[in-house]
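The values are calculated or read from the model by the stated rules, or taken from the named source; none is laboratory data. Values in this document were obtained by computation on a predicted structure and should not be read as measured data. Neighbour counts run over all protein chains shown; Cβ positions are idealised from the backbone, glycine included. We work out accessible area using only protein heavy atoms, side chains counted, and drop any ligands, DNA or RNA first. Shrake-Rupley method; radii C 1.70, N 1.55, O 1.52, S 1.80 Å.
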Amino acid sequence: LFQDQPGARLGGPIVRDKAFFFVNYEWISAPGTRTDTRTIMSPSAAQGLFQYAGGTIDLMSLAARIGHVARIDPIVAKLLADIRSSTSQGTVTTTIDPLTQSFAWQQSTESTTTYPTARLDYNITSKHSLTASGTYNHLVSNPDTGNSYQPIFPGFPVRGKQDSERYTMQFSLRSALTPTMVNEFRVGATGGATLFAPDLSSEMFGQSVGNMGGYAIAWSGFKSISNAYSISTNSSREGSTRVVENTLNWMRGRHSLSIGGSVTRGDVWLRNKRHVPLATLGMATGDPADAMFNATNFPGASSTDLTNARNLYAVLTGRVSSIQYDARIGEDGKNYNILGESLQQGRMWQLGFFLQDGWRWKPNLTINAGLRYEVQLPFYALNNSYSAATIEDIFGPTGTGNLSVGSTVSGLGNLYQPGLLQGSPTTYEMLTKDTNAYKTDTNNFAPSLGVAWTTGADGGWMRRIFGAPGQTVGEVVFNTAMT
């Protein structure tokens, strides 16, 4: 690994005594290599020769005698040949298992992250000043080894990078409205999307090298050999916030008042897509070829040997035990799209207000009192891609029972009470666009009361403990939150 972190910064006045700027830019470049170790079929196993303690069985000859498929599937054969050809770029190690080998190779990695930061300070007038600042981080890892999206074998096309952004920005306006009244208005934002394998495509599964015929072929059921692909789905997501807040500080006689409020909006979106169907190679239940894997055809074979022979034959002949597609619902909430992309979008709002007073009742005694009110509005969907369930659905057929404190099983409904079925099967309903997921809790008042004082003594034992007058501060605070 080689890591380089250059950078530069520049700052100074734009307009004398009026506007100032600061810019910092740096980045990390980290090219390197990594060693990956794969488990591959041995050359003899790839030809259908099954070796075990009892000898060697030619699976294709055995299948031909019994009347089953006796040739290696052409897609599997080509894939095995491509893997064997790629081993020239690494080291193959023979293991104690005659059916597999270990293949180690090095591949290049690249990670680049940029960190620009900027700030602007502008004195609009002697009473009003504006500050703006922001950061933006951009990370690209190619391939994304943190999520194991690197190529499995040299020259194989399936891979994925990570492309991530992170940003924060804020603008604030500070105004001295009067000699005793200062207001600060602030707007802020955070966010940044993370894209996992945005470069992944279905074409990667049908190229001349590592061609899987448009499927993600999973054959690791045989001796945990490495599949020829690392990823067949990609995703992306972002959680972002927008904040507007205002605080007014007012010095009035012996009172120091602070009044303010804030509005926060949180957004989230997620995209997911499977690019090709997953084809798992193996012996399906009821396959007539399964009957030939017995002690007669494999003298002295253990049950493990028979399972390995069965799985090897299934892989070589391209027997498909299952094919998995994803059907994702569209934004309209009506149509499912085979191998389509799903998009989920949601939003929440939160409002807050506060009032606080610091009353200097006496020179050595201050009373602080305040009230804060917060309300978090329900999450709601921005499209028709979410599902919803009720509390009753969570408990399903067992039923909610008595969920109040003091019930037989407090907080667990009828769970762990066998035979007590008072509910209904769980069902999910669409959380339609602009529909609240739950009710609003409006009883969120938080009052506070505190007393602070200074004490001390001119002499005696109290001076030894508390010091001179004004050197010791005592405080009692009462906070309450109602929800």
Quiz item: What is the number of the single condition among (1) without any contact (Cβ under 8 Å) to a residue 12 or more places away in the chain; (2) surrounded by fewer than 14 Cβ atoms within 10 Å (Cβ to Cβ) that LEU49 does not meet?
Solution: (2)
Quiz item: Would you pick out the residues in region 374-402 that are open to solvent by 40 Å² or more (accessible area, probe 1.4 Å), farther than 27 Å from ASP332 by Cα and out of contact with any Gly (no Cβ under 7 Å at 6 or more places or on another chain)?
Solution: GLN376, ASN402
Quiz item: Cβ-Cβ below 7 Å, separation at least six or inter-chain, first residue in region 356-378 and touching a residue at least 60 places away in the same chain (Cβ under 8 Å), second open to solvent by less than 40 Å² (accessible area, probe 1.4 Å) and not in a strand (DSSP E or B): which pairs?
Solution: TYR373/ASN444; GLU374/ASN444; VAL375/ASN444
Self-check item: Selection within region 291-342 - out of contact with any Gly (no Cβ under 6 Å at 6 or more places or on another chain), of a type in the set (D, E, K, R) and over 22 Å from ALA64 (Cα atoms)
Solution: ASP326, GLU331, ASP332, LYS334, GLU341
Quiz item: Just one of the numbered conditions (1) in contact with a strand residue (DSSP E or B) (Cβ under 6 Å, 6 or more places away or on another chain); (2) surrounded by fewer than 16 Cβ atoms within 10 Å (Cβ to Cβ); (3) not acidic (Asp, Glu) is not true of SER88; which one?
Solution: (1)
Quiz item: What is the number of the single condition among (1) open to solvent by less than 50 Å² (accessible area, probe 1.4 Å); (2) in a strand (DSSP E or B); (3) over 27 Å from LEU382 (Cβ atoms); (4) not hydrophobic (A, V, I, L, M, F, W, C) that SER322 does not meet?
Solution: (1)
Quiz item: Can you name every residue in region 377-386 that is within 12 Å of ASN436 (Cα to Cα) and either touching a Ser or Thr at 6+ places or on another chain (Cβ under 8 Å) or not in a loop (DSSP other than H, G, I, E, B) (or both)?
Solution: LEU377, PRO378, TYR380, ALA381, TYR386
Quiz item: If you go through region 187-198 one residue at a time, do you hit one that is open to solvent by 50 Å² or more (accessible area, probe 1.4 Å), out of contact with any strand residue (DSSP E or B) (no Cβ under 7 Å at 6 or more places or on another chain) and touching a residue at least 24 places away in the same chain (Cβ under 8 Å)?
Solution: no
Quiz item: Tell me, which residue of region 184-211 that is part of a loop (DSSP other than H, G, I, E, B) and under 29 Å from the mean Cα position of the chain (by Cα) is farthest from GLY261 (Cα to Cα)?
Solution: SER201
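Give the number of residues within region 172-183 that are touching a residue at least 40 places away in the same chain (Cβ under 8 Å), assigned to a strand (DSSP E or B) and among the polar types (S, T, N, Q).
Total satisfying the criteria: 3.
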Quiz item: Among the numbered criteria (1) buried (at least 16 other Cβ atoms within 10 Å of the Cβ); (2) under 30 Å from ARG71 (Cα atoms); (3) of a type outside the set (Val, Ile, Thr), which single criterion is violated by PRO288?
Solution: (1)
